Amino acid sequence: MSNNKILEIQNVKREFTMGTEIVRALKGVSFDVNAGEFVTIMGSSGSGKTTLLNMLGCLDKPTDGIYMLDNVNVKELSRDELAKLRNTKIGFVFQAYNLLPRTSALENVELPLLYNPTIGSKERRERAIAALEAVKLGERLDHTPNQLSGGQQQRVAIARALVNEPVMILADEATGNLDTRTSYEIMSLMQELNGQGKTIVFVTHEPDIAAFSTRTVMLRDGKVQKDLINDSRKSAKEALASLPATDDY
Amino acid sequence: MKISNLIRLAMLALQRNKLRALLTMLGIIIGVASVITMMSIGEGSKQSINESLSSMGSNMITIMPYSNEPGGARMMGSNMKSLTILDVQELKKKAPNIAKISPLASSSGQAISGASNWPTSIQGVNPEYLEIRKLSVKEGIMFTEDNVKSSAKVCLLGQTVVDNLFPNGQDPIGKIIRFGKIPFQVIGVLTPKGQSNFGQDQDDIIIAPYTTVQKRVLSSIYFGSIYASAIREDASDAAVDEVTTVLRETHRLRTGEENDFQVRTQAELMTMLNSTSSMMTALLTAVASISLVIGGIGIMNIMYVSVTERTREIGLRMSIGARGIDVLLQFLIEAIMISITGGVIGVLLGISASIIIPSMLNWPTVISEFSIVISFLVCAVTGIFFGYYPALKASRLDPIEALRYE
């Protein structure tokens, strides 16, 4: 069932030349991700996590090996074709949100669609509103990022990732800047989206975040150390409920 | 991304940094405004020269003595004694392209009437002079050919002379004035012509029959110059040839001998003066254009700052699907918007300056569409030229590094 596979990574290697030295960040990584999976990629710093993330996000190409995204071989694509692939197949969520300042939530969410010439302005608006409603920010369309809390900003970023209906949401330490409660809220949203059939690849170094996913890939020194199906998946909603009710003091 | 979206995006970006955008535009605004103003001043002075020359008579031909070298010493043309009444008579007979002809014997001196006196010049001419110089009589009458034959002591006054000799507003007609020691009866007043372009008061003259001036004032049989008019403006050149042939003949000049006179047409004078004013205009415009270039460099500078400042934004845009060309166009259009908005403001400012200057400094200005179109085009080109490199830099950023840029 290759059609079910969103990602196919076979023996992917990535080498950087730093002066005269060759740094081998990825030394042959292989794994597949099927549609509907919620995969966390974990690893300490220097494990090749970031390099793998750039590769998965089509921001970078492997030196060697095969990376198939939704049955497209990324290695053969030009810079512009990669941009198009990012636009239509991947939804990015960053640690620092990366929203455009002084721009309304609605316009931030519309942004990926602006780079898709097949979508008109009316459809663009409707889809952006729908995406913001999906992350429960339907009331805050006109708020600019500095009028929103960190969690809300990250939800806008998730809406932006959803709006182009990607095959995969790629999150890079998406909860890294948030407190525990808000991280759980975001994870609960992620689980909800996963429940609706979205494939999510979540890069993190926090084990408690990984516990909410269906599968964990552990990287170490540029290789896959462990690839585990998470049988005892935790519900972020329950974790949220179990937190002390308020932090008032 | 669609162009309409790109334009909207550029407008938003500029709105967010209004003051910065305005300061960047300032160079362009000043450049364009000064180019337009300079060109309109140049065009205005050119037109007013042309107007005043044609008000003197556009088909006018001037014949003056030309200094040759009697005994080795060059003499001033006006001191030369080569033009006589014989020349005038011969030209009248033998030059068919000449319509009117009048000699001119002039002298400066003090005009006196009662207790008033005024330094001016008297021009001895014949009745045809009025038509050649496009002069007219406001009050009284012009002297006649008979007055010329009889060397009558009659004269017509220019308005400036009237104002100075008759300060209390008396009617000058019929009064006797003296020019030096010679009494003249005033028989008319000339219609005022105002200042010429060269700052000369064209109304500060007395005209009288040339015979009277020659005999009584100058005691000479020679003329300082001869004025003639061609039958048509385009016959000027033919008339000049005729005048040259006829005068060489009457002056008995052998082949190879230098002319002892010179013939000038109004068209020549016009070309000469225009070339001077064109040169000045070109010079001023060149100086103004430099500020346009400096304005362009200002745009380039600010665009580089803007690209650096928005590196993360560029990284984000690339990561969600912006191609290099999308980023390039985004910044290029922003630069063009700055320069074109600056251009529009500059054009408006230049036009207002061109309208205000005549009333403030008394310089004539004519706004030419050409200067507006040119400076506007230069603006757009400046925007593209100076905006391109920063935009190219933006479009070539590596999205991975741009996203992590601090």
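For this structure, a couple of remarks:
- Residues being free of Cβ contacts under 8 Å to residues at least 40 places away in the same chain and within 8 Å of chain B (Cβ to nearest Cβ) - total across region A:86-108: 1
- Selection count where residues are more than 13 Å from A:I9 (Cα to Cα), crowded, with 21+ Cβ neighbours inside 10 Å and β-branched (V, I, T), scope region A:29-64: 4
- Just one of the listed residues (B:S277, B:S352) is away from chain A (no Cβ under 14 Å), out of contact with any helix residue (DSSP H, G or I) (no Cβ under 8 Å at 6 or more places or on another chain) and of a type in the set (G, A, S), namely B:S352.
- Considering only residues in region B:143-194 that are in a loop (DSSP other than H, G, I, E, B) and of a type in the set (G, A, S), the one that is modelled with the lowest pLDDT turns out to be B:G194.
- For B:L329, the test of being within 14 Å of chain A (Cβ to nearest Cβ), among the hydrophobic types (A, V, I, L, M, F, W, C) and buried (at least 16 other Cβ atoms within 10 Å of the Cβ) is passed.
- Only listed residue being without any contact (Cβ under 8 Å) to a residue 60 or more places away in the chain, buried (at least 20 other Cβ atoms within 10 Å of the Cβ) and of a type in the set (A, V, I, L, M, F, W, C), chosen from B:I320, B:I314: B:I320
- Residues in region A:163-188 that are surrounded by fewer than 20 Cβ atoms within 10 Å (Cβ to Cβ) and closer than 27 Å to A:R124 by Cα were compared, and the one that is farthest from the other protein chains (Cβ to nearest Cβ) is A:S188.
- If you go through region A:196-238 and keep only what is surrounded by 19 or more Cβ atoms within 10 Å (Cβ to Cβ) and of a type in the set (G, A, S), you end up with A:A210, A:S213, A:G222, A:A236.
- Residues (in contact with a helix residue (DSSP H, G or I) (Cβ under 8 Å, 6 or more places away or on another chain) and more than 8 Å from chain B (Cβ to nearest Cβ)) located in region A:66-84: A:I66, A:Y67, A:M68, A:L69, A:D70, A:N71, A:V72, A:V74, A:L77, A:L82
- Meets criteria (at pLDDT 90 or above, within 14 Å of another protein chain (Cβ to nearest Cβ), assigned to a helix (DSSP H, G or I) and in contact with a helix residue (DSSP H, G or I) (Cβ under 7 Å, 6 or more places away or on another chain)) for B:L316: yes
- Answer residue from region A:149-173, given it is among the β-branched types (V, I, T) and outside any helix (DSSP H, G or I) and is nearest to the chain's Cα centre (by Cα) among those: A:I169
- Restricting attention to region A:42-56, the residues being part of a loop (DSSP other than H, G, I, E, B) and in contact with a Ser or Thr (Cβ under 7 Å, 6 or more places away or on another chain) number 0.
The values are calculated or read from the model by the stated rules, or taken from the named source; none is laboratory data. Treat the numbers as computed from the prediction; the structure is a model and nothing was measured. All Cβ positions, glycine included, derive from the backbone under ideal geometry; neighbour counts span all protein chains shown.
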